[in-house]
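Colleague: I have a structure here, written as C-alpha cells, and I will follow up with some questions on it.
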Amino acid sequence: MVVVPDLTRAPDRATGSLVRVRGQLARFMPLLLLTALLVLLSLRNPDLLTRNSLLTIADSAAPLIVLATGATIVILCGGIDLSIGALASFASVLTALWIPTMSAGVVVPVILISALAGLLQGWVHVAARVPSFVVTLGGLSLWSGLALTISGAGTVPVYDFAALRWAFTRTWGLPSATLVALVLVVVLGALMRFTPFGRWVSSVGHAEPAARLAGLPVGGIKMLAFAISGACAGLAGVLLVARTFSGAPTLGDSLLLPAVAAVIVGGTAITGGHGGLGRTLVGALIIVLLRVGLSQIGIDTSYEPIIYGVLIIIAVSVTIDRSKVAVIK
Amino acid sequence: MSTPQAPVLAVEGLTKRYPGVTALDGMSFEVRPHEVVGLVGENGAGKSTLLKTLIGQVRPDEGKIRLQGEPVTLRGVAHAGSQGIGMVFQEQSLVPNITVAENILLGAEREGVRTGVYRWGAMKALAQQQLDKIGSSIDPGARTDTLTFAQRQMVEVAKVLTIEERTTVEPVILLDEPTSVLERREIATLFKQIERLRQRASVVFVSHRLEEVLEVSDRIYVLRNGQVVAEVDPHDTSPADLHRLLIGRESDGGHYHEDAQEPCDEAPLRLRVEDLMTAGCRSVTFDIRAGEVLGVAGVQGSGREEVCRALFGATRFSRGRVTLDDRRLRLRSPRAAVRAGVGYVPSQRRTDGIVPPMSVAANMSMAYVGEICRGPLLQGKRERGLVDRWIERLGIKTPSTTTAIGTLSGGNQQKVVLGRWMVGEDLRLLILDHPTRGLDVGAKSDVYALIRDLASAGCAVLLLSDTLEEMIALSHRVVVMKDGEVVKTVDTPRGAKPDPVVILEEMV
C-alpha cells in the first residue's frame, strides 16, 4: 500500500459522532468498570468488602498507583516511559544498599537520583530528537543492568526495619503506603490543576507544533514530565522495599505493564492530551481489583500478563486519537 | 473546444464540512471525454479537498460523483482506480528505494508475480507497456531514487495509466499542481504528455499558475470558497481576467478599513533585518517601523515563509543580524522570540495555531500565561476576566470561555489566536502568516480591522497574504521576494495603492 502524503484526517460527520460516543465511553467506562468489578467480586466473596481486606488491597496498590501517576504525565505529553519498572527496581536496590548508612534518610537521595535518571532520558529524547519509547526502552535495559551490577545480581536484604517503618504502618487507620500514594496523586494533581504546567502538558500532547509556536517551553515541559515520572519510579522502588524488606534488580520490572494498563484503562489517551491523574487512580484500582479477582476465581497468577496485554490493546483501541496518527505503525 | 458530449465525470453539489470550515460548498462541474479541464483557485478554495474526494480519501457530506452517468461511492485510491479515476500526486507517491517497474506495478503486479515471487522479465515487460503509452524512454529497471523529479513524474503518469487495464472505460487522470517543481523545458515535455494522454483519457489539470492552465486546458473552472464561481473559455481569457475571477471582488476599500491606515514615516525603526540567510533565502534585508504593516510578496519558493519562521525562531538562520528596537535578537526558539516581544500567527491554523480540544481561555492565554498567574499559581478569576474582556473586544462568538476552541468557526478561532498576542502588554512585532486563510468575508474584514488596531497601537506587523490585493490594501509598504532575495520595495500609502500588476511583475 502506498502511503499518500498529506491526508487530512479530520473525522467525517458519521465518525464525528462516533468519536463523541467514544469520548463519553472513555470518560465513564473506567468508573463503571470499577463498580462492576467491586460488585461482582463482593457477590462472589462477601468478605471482600470488609474493612480489612479493602485496606490490604489498598496497601498492595500503592506502588502501582505511584508508578502509574508518574507515567500518566509523560503519556499526557504524547510520549511514553517504558523505563519505570526497571527504574523502580534500580531504586529498590539503591534503597536496600543505602539503608545501613542512611537509615530513613535514604528516601531523599533515591528519589533524587531516579528523578535525574528520568530527566536524563527526557533530555536525550528532546535534545537528540529520539522517540521517547526508544529512549526509555534503552533506559529500561540500562537501569536493569545497573541494578544487576550494583546488587551483585541478587536480592539485597534489609534488616533495619525501623528505617522504612513509615511506609508499612497505619496512619489514621489507612496503610501509610496508600496514604503516600494518595498524597502524591493530590500533590501532582494540584500541580497540574493550579499551575500552568497541567495545561502546558496537555497542549504539548494535543498539538505540539501549536504549543511550540505559542512560545511554550516544549522541551522543558517534556523533560520535567520525564523527571517526575523518574521520581515516581524512585518512590515506588522505596515502597517496594518497605513491602518486601529487600531490594532486588527485578523487583519492579513486572509493574511496567500493569502501570501502563492502569493509565490507559483509566481513560488517558496514548496519543497524548486527553486524560488526567484522577483517571489513572481509577485505572490503577481496576487493575488491582482485577488481580484480586483473578486469584479469587482461582486463575493462576501466570495468566495475569495475558490479561494486561489484552486489556491494554482494547483500552487503546477505545481511547486513541486517530486523527493524530498519520500512519499507524 | 470539444463539443458537449455526455460527461465521463460529473460532480453534483459536492459539500464537505470540517469543524470551523466548509471546504466544499455545493461544488458542481463536469469533465467530458478526451477533454483537458483546468481547475484554478486560491489556497483554501477547495481544490485539494475536491481531489481527495475524487480519489475516495475523503467522503463528501452531501452531493454526488457520477462516472459515465452512474453515481459512485469511492472508497479509496485503489477503488477509485478500479472505477477509472487516477491521480498524479503533487508530493510524489513513489517508493524511492525500489525499481521503476516495481513502482509502476505496485499493488497490481498481475503476471509479474508467480507464486508470490517476482518474475523480473515479466515485470519489466509489463512496466515497459505502461511507459510506452506515454512514449517514455525511462529504464524500468532503474532505481526510482536515481531519477530526476520530472522523470519520476512521468513514472507516476505511467503508473496511473495502469488503471486502463483494470477498467473498461476511459480513465480520468487528475494532475495535482504537476508543474510546481518542474523547470520550463520539463513543463513543455509535460504538456506534450498531456496532449498524448487526452487521446486515451480525460485530464483534470489543477494548478495555481494561470498562464499554464490557460495554455493547456479546453475549459477552466474557477473555484472560490468551495464553489465553482465561473466557467471560462481559455481562448478568450487573459491571465489578468482569470486572476480577477480568482480573487473575486469582495468589496471596495472599506472592506480593508483603509481609512484607518495611519502614516508611520516618522515612527522609529522597530525591526531591522540585515543580510539574513537561512534554508530557502540567501540574503534578506528590510526594516519595519513601529506602527507599520509591511507586506512580503513572493511566489512559492521565494523564501518569504522561511524568513517569517526564522524571525520567530522556528527555524535557525545561519547568518545575518536581526535587531528589535536597537537590541539584537537571539532567536534560538519561538519561546525566545515571544519573550523578546514577537508574536506569530501561523498559516496552518488547525495544526499550528490552536490546540483544538482545549478551551478558548487556555488558547488565548497560552503565550503570556504570566498575565493570569500570581507566582506559580493560575488565577482562574483573573483569566476569566481577561479572556472575557478580549472576547468582547474582538467580537469572538463563543458559548463560553471554557468551550473547546476546535468547535468554533474558523474566523472566531483566528480571532482567539490574534487575541493571544494582543493580551501581551509588550507586543512589538506580530508576524502574520496568511492570517485570513480559509475565512469567510465577514471574518476577513474583522481580522483586517484588528490588524489596523494593532498597527495604530504602534505594533510592527509583518504580513504574508494569499492575495496581492489584500496585502497591498493592508500594508504601508510591500517588499517583493524572489529566489530568496528582496528584489523590490513598493510603497503602498493610503489613497494611492498601486495596481497589483506592478508587484506581480516582480514576483515571477
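We did not get these values from a lab; they are worked out from the coordinates using the rules stated. This structure is a prediction, so every number in the text was calculated from the model and none was measured. Cβ placement follows ideal geometry from the backbone for every residue including glycine, while neighbour counts extend to all protein chains displayed.
Colleague: Starting with the highest mean, order B:293-304, A:290-301 by the number of other Cβ atoms within 10 Å, averaged over the residues of each peptide.
Modeller: On the way: B:293-304: 22.5, A:290-301: 13.6.
Put in order of decreasing packing, that is B:293-304, A:290-301.
Colleague: Sticking with this structure for a sec: Can you compute log10 of I(q)/I(0) for chain B with the Debye formula, treating each Cα as one identical point scatterer, at q = 0.06, 0.07, 0.09 Å⁻¹?
Modeller: -0.33, -0.45, -0.73
Colleague: Could you go through the range B:221-230 in sequence order and give the Karplus-derived ³J(HN,Hα) for each residue, using 6.51 cos²θ - 1.76 cosθ + 1.60 with θ = phi - 60°, rounded to whole Hz, and x for Gly and Pro?
Modeller: Values, residue by residue: 9, 9, 9, 8, 6, x, 10, 7, 9, 7 Hz.
Colleague: Taking amide H positions as placed in the peptide plane 1.01 Å from N, state which residues far from B:S365 in sequence (5 or more) or on other chains have amide H under 5 Å from it.
Modeller: none
Colleague: Can you work out ³J(HN,Hα) from phi for every residue in the range B:98-110, in order, using Karplus 6.51 cos²θ - 1.76 cosθ + 1.60 and θ = phi - 60°, giving whole Hz and x for Gly and Pro?
Modeller: Ordered by residue, 3J(HN,Hα) equals 10, 6, 4, 4, 4, 5, 4, 9, 3, x, 9, 6, 6 Hz.
Colleague: If I take R0 = 45 Å and measure r between the Cβ atoms of A:S103 and A:N45 in this structure, what FRET efficiency does the formula 1/(1 + (r/R0)^6) give, to the nearest 0.05? Write out the running numbers ahead of the final one.
Modeller: Details: r = 40 Å, r/R0 = 0.89.
E(calc), rounded to 0.05, equals 0.65.
Colleague: Using DSSP, restrict attention to beta bridges with both residues in chain B and report what percent are antiparallel, rounded to the nearest 5.
Modeller: 55 percent
Colleague: Please list, ordered by chain and number, the residues whose modelled amide H lies under 5 Å from the amide H of B:V203; skip anything fewer than 5 residues away on the same chain.
Modeller: B:E35, B:V36, B:V37, B:I173
Colleague: Which whole number gives the average count of other chain Cβ atoms within 10 Å of the Cβ atoms across peptide B:327-338?
Modeller: On the way: counts 0, 0, 0, 0, 0, 0, 5, 8, 8, 1, 2, 4.
Mean shielding count: 2.
Colleague: Same structure again: Please list B:109-121, A:154-166, A:81-93 highest first by mean number of surrounding beta-carbon atoms within 10 Å per residue. Mind showing how you got there, number by number?
Modeller: Working: B:109-121: 11.7, A:154-166: 15.4, A:81-93: 31.3.
Ranking the peptides B:109-121, A:154-166, A:81-93 by packing returns A:81-93, A:154-166, B:109-121.
Colleague: Still on this structure, please answer the following. If I model a spin label as a point 7 Å beyond the Cα along the Cα-Cβ vector, how far apart are those points for A:S302 and A:N52 in nm?
Modeller: 3.2 nm
Colleague: Let me ask something additional. Grab the beta carbon distance between A:S317 and A:R129, set R0 = 41 Å, and tell me the FRET efficiency rounded to 0.05. Write down the numbers at each step before the final one.
Modeller: Details: r = 29 Å, r/R0 = 0.70.
Efficiency, from the Cβ-Cβ distance: 0.90.
Colleague: Arrange B:D446, B:D25, B:D491 by Cβ neighbour counts within 10 Å, fewest through most, would you? Don't skip to the end; give the middle numbers.
Modeller: Working: B:D446 21, B:D25 17, B:D491 12.
In increasing order of surrounding Cβ atoms, one gets B:D491, B:D25, B:D446.
Colleague: Per-residue HN-Hα couplings for the range B:412-425, Karplus 6.51 cos²θ - 1.76 cosθ + 1.60 at θ = phi - 60°, whole Hz, x for Gly and Pro?
Modeller: 5, 4, 5, 5, 5, 4, 5, x, 3, 8, 6, 4, x, 5
Colleague: Does a label point 7 Å from the Cα of B:V169, set along Cα-to-beta-carbon, have any residues of the range B:192-208 with amide nitrogen under 16 Å, and which are they?
Modeller: Flagged as within label range: B:200-204.
Colleague: Hey, what D do you get for the range B:155-228 in µm²/s if you plug the Kirkwood alpha-carbon radius into Stokes-Einstein at 4 °C and 1.567 mPa s? The partial results should precede the final answer.
Modeller: On the way: Rh = 13.4 Å.
Approximately 97 µm²/s, per Stokes-Einstein.
Colleague: Helix A:13-44: angle to the longest alpha-carbon principal axis of chain A, degrees 0 to 90, nearest 10?
Modeller: So the helix axis and the longest Cα principal axis differ by about 20 degrees.
Colleague: Once you have the Cα-Cα distance between B:E485 and B:D287, take 0.36 nm times their residue separation minus that, and quote the gain in nm to one decimal. Don't skip to the answer; put the middle values down first.
Modeller: On the way: separation 198, 0.36 × 198 = 71.28 nm, distance 1.41 nm.
Extending this stretch completely gives an extra 69.9 nm.
Colleague: May I ask what percent, to the nearest 5, of DSSP beta bridges between residues of the protein assembly as shown are antiparallel? Mind dumping the intermediate values first?
Modeller: Working: 50 of 85 bridges.
If I count the DSSP bridges inside the protein assembly as shown, around 60 percent turn out antiparallel.
Colleague: Once amide H atoms are placed 1.01 Å from N in the peptide plane, what residues at a sequence separation of 5 or more from B:K482, or on another chain, have their amide H within under 5 Å of its amide H?
Modeller: Here B:V487 satisfy the definition.
Colleague: Using 20 Å as the cut-off for backbone N distance, which residues of the range A:94-116 belong to the label zone defined by a point 7 Å from the Cα of A:F168 along Cα→Cβ?
Modeller: A:94-108, A:110-111
Colleague: What angle do you read, to the nearest 10 degrees and between 0 and 90, between the alpha-carbon axis of helix A:304-319 and the longest principal axis of chain A?
Modeller: So the inclination is approximately 30 degrees.
Colleague: Can you give the extra length, in nm with one decimal, that the chain gains between B:V508 and B:Q379 once fully stretched, where that is 0.36 nm per residue apart less the Cα-Cα distance? Walk me through the numbers on the way to the answer.
Modeller: Values: separation 129, 0.36 × 129 = 46.44 nm, distance 5.21 nm.
Gain on extension, B:V508 to B:Q379, equals 41.2 nm.
Colleague: When only Cα pairs under 8 Å and 6 or more residues apart are kept, what is the percent relative contact order across chain A? Please list the in-between numbers first.
Modeller: Numbers: 549 pairs, mean separation 106.9, N = 329.
Over chain A, the number comes to 32 percent.
Colleague: Taking 7 Å along the Cα-to-C-beta vector as the label spot, tell me the B:D145-A:R27 distance in nanometres, rounded to one decimal.
Modeller: 4.7 nm
Colleague: Starting from the 7 Å offset along Cα-to-Cβ, what nm value, one decimal, do you get for the label separation of B:R184 and B:E266?
Modeller: With each label placed 7 Å out from Cα toward Cβ, I get 4.9 nm.
Colleague: Shielding of A:185-196 by partners, i.e. mean partner chain Cβ atoms within 10 Å per residue?
Modeller: Numbers: counts 0, 0, 0, 0, 0, 1, 1, 0, 1, 6, 6, 10.
Other-chain Cβ atoms within 10 Å of each residue's Cβ, averaged: 2.
Colleague: Suppose only helical runs count, i.e. DSSP H with n ≥ 4. What mean residue ellipticity at 222 nm does that imply for the protein assembly as shown under -39500 (n - 2.57) per run, divided by all residues and rounded to the nearest 500 deg cm²/dmol? List each step's numbers first, then the result.
Modeller: On the way: 29 runs with 386 residues, N = 837.
For the protein assembly as shown, the value works out to -14500 deg cm²/dmol.
Colleague: Then there is this: Calculate the FRET efficiency for B:Q5 and B:R196 from the Cβ-Cβ distance with a Förster distance of 30 Å, rounded to the nearest 0.05. Present the calculation step by step, with values, prior to reporting the outcome.
Modeller: On the way: r = 20 Å, r/R0 = 0.68.
That gives a FRET efficiency of 0.90.
Colleague: Given Cβ point charges of +1 (Lys, Arg) and -1 (Asp, Glu) and nothing else, what value in debye, to the nearest 20, does the dipole of chain B about its Cα centre take?
Modeller: With Lys and Arg at +1 and Asp and Glu at -1, about 1940 debye.
Colleague: Taking every residue in B:70-77, how many Cβ atoms of other protein chains lie within 10 Å of its Cβ, on average?
Modeller: Values: counts 0, 0, 0, 0, 0, 0, 2, 3.
Mean shielding count: 1.
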